[in-house]
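What follows is calculated from the coordinates using simple rules that are stated; it is not laboratory data. Computed from a predicted structure; not experimentally measured. All Cβ positions, even for glycine, are placed from backbone atoms using ideal geometry, and neighbour counts span all protein chains on display.
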Amino acid sequence: MIIGTGIDIIEIKRIQKAIDRWGNGFLDQVFNKEEIAYAKKHKYPTQHFAARFAAKEAIVKAIGDNAHIHWKDMTILNNKHGQPFCVFNKKKFKKKIFISLSHSENYAVASAIISS
C-alpha cells in the first residue's frame, strides 16, 4: 500500500554555488560521510550531491509535513547493482522507501514512494 509520494528537481549549479560559498561546511551539514565519499569518487561530484539532495527532499515530501526529519537523519546509498536506497540513521522508520535518482548536465531529479 502506497502511503506517500514525493518528487524533487534541482539545478546542479545551485548545489555548486553552495559548495563554492560554504565548502565542506555545506557538505557536512547536508550529507553524511558515505554520501560525500561516494560523490567525490566521481568525475563530476556535484551531480551526485544534487541527486542525493533531491532524494532527501523527495523523501520528506513523501513522508509529510510532520516528519521533522533533518538532512543527516537519512543517508542515500547505492546497492552493489547501483540501485539507490535510503537508510535512516537515528529514527526508527518502519515503512519501505523506494527512490529513483537521475541527473543530466544541468538538473538532478529524485522521486520517492513510501509504502507499508
Residue check, E11 of a type outside the set (K, R), surrounded by fewer than 18 Cβ atoms within 10 Å (Cβ to Cβ) and more than 15 Å from I114 (Cα to Cα): yes
Out of A51, A55, A39, sole residue that is in contact with a helix residue (DSSP H, G or I) (Cβ under 6 Å, 6 or more places away or on another chain) and of a type in the set (A, V, I, L, M): A39
Residues within the range 17-33 that are touching a residue at least 40 places away in the same chain (Cβ under 8 Å) and surrounded by 13 or more Cβ atoms within 10 Å (Cβ to Cβ), tallied: 3
Odd one out for S102 among (1) under 27 Å from S116 (Cα atoms); (2) surrounded by 15 or more Cβ atoms within 10 Å (Cβ to Cβ); (3) not basic (K, R): (2)
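Okay, residues lined up against (1) of a type in the set (G, A, S); (2) closer than 16 Å to V109 by Cβ; (3) out of contact with any Ser or Thr (no Cβ under 9 Å at 6 or more places or on another chain); (4) surrounded by 13 or more Cβ atoms within 10 Å (Cβ to Cβ):
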residue	(1), (2), (3), (4)
T5	no, yes, no, yes
I15	no, yes, no, yes
K40	no, no, yes, no
K43	no, no, yes, no
T46	no, yes, yes, yes
The range 57-116 - residue that is touching a Ser or Thr at 6+ places or on another chain (Cβ under 6 Å) and free of Cβ contacts under 8 Å to residues at least 40 places away in the same chain and, of those, nearest to E11 (Cα to Cα): S100
Any hit, the range 68-87, residues being surrounded by 13 or more Cβ atoms within 10 Å (Cβ to Cβ), within 21 Å of I19 (Cβ to Cβ) and aromatic (F, W, Y): yes
